[in-house]
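Visitor: Dumping the structure here so I can ask a few things about it.
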Amino acid sequence: MTLTCRGTSRAGVGVGTVYRHFPTRADLVGAVYRHQVQECTALAATLREQAVPPVDALERWIAAFVDFLATKHGLGEALLSEDSGLANLHALVLDELVPACASLLEAGQRSGELDPRIVAPTLLRAVGNLSIPGPGYGREQAREMVTRLLAGCRTAPARST
C-alpha cells in the first residue's frame with residue numbers, strides 16, 4: 001500500500017520518516033485518529049481544571065468534537081477498511097470520549113443548567129449525526145445545528161411570578 005505524503009517537505013520530514021513510523025496507511029490513519037481522541041479527552045480535563053462554567057465547557061468541548069468528527073469523516077474510507085490495526089478505534093471513542101463528555105455534561109446537570117435526562121452516549125450520537133457532511137452541508141452547518149441542539153439541552157430558566 002502506498003502512502004501519499006503531501007506536505008512532508010513542508011513539515012521538514014521525508015517520506016522515509018513517515019514510512020518508518022507508519023509503515024501502512026492503517027498505521028497512519030490510526031495514529032491520526034488516536035491523536036484526535038487524546039486531544040478531545042485532554043480538552044475535557046483542561047476545561048474542568050480551569051473551572052470553566054459548565055455549559056461553556058460543554059459547548060467548547062462539543063465544538064472540538066465536531067472538529068474531530070470532520071477529521072474522522074475525512075478518514076472515512078480508510079476507517080471502513082478491514083485492516084486489523086483499525087479494529088479498536090470505535091472502542092477508543094467509547095472508552096475515552098464518552099466519559100470525557102459525561103464529566104462535562106454531569107457538571108452542567110449538577111449546576112442545574114442542563115437537563116438531567118441527557119446522557120453522554122445519546123448526546124454524542126446526536127452530534128455525530130448532525131456532523132455528517134453532505135452536498136451543501138459541511139462543518140459550519142454542522143456547528144450551527146449542534147449549537148441549536150445544545151440550546152435544547154439547557155433547562156428552562158425558572159419563571160418569576
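Visitor: Just checking: which of the helices (runs of 4 or more DSSP H) contained wholly in the range 96-161 hold 1 or more residues that are of a type in the set (Asp, Glu) and modelled with pLDDT of 95 or more?
Guide: In the range 96-161, the matching helices (runs of 4 or more DSSP H) lie at 98-110, 139-153.
Listed here are the residues, each with its yes/no results for (1) surrounded by fewer than 13 Cβ atoms within 10 Å (Cβ to Cβ); (2) at pLDDT below 70; (3) within 21 Å of the chain's Cα centre (by Cα); (4) not in a loop (DSSP other than H, G, I, E, B).
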position	(1), (2), (3), (4)
Thr8	no, yes, no, no
Gly16	yes, yes, no, yes
Val29	no, no, yes, yes
Gln38	yes, no, yes, yes
Asp56	no, no, yes, yes
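The values are calculated or read from the model by the stated rules, or taken from the named source; none is laboratory data. Nothing here was measured: the structure is a model prediction, and the numbers come from that model. Because the Cβ atoms are built from the backbone with ideal geometry, glycine has one as well, and the counts that use them run over all protein chains shown.
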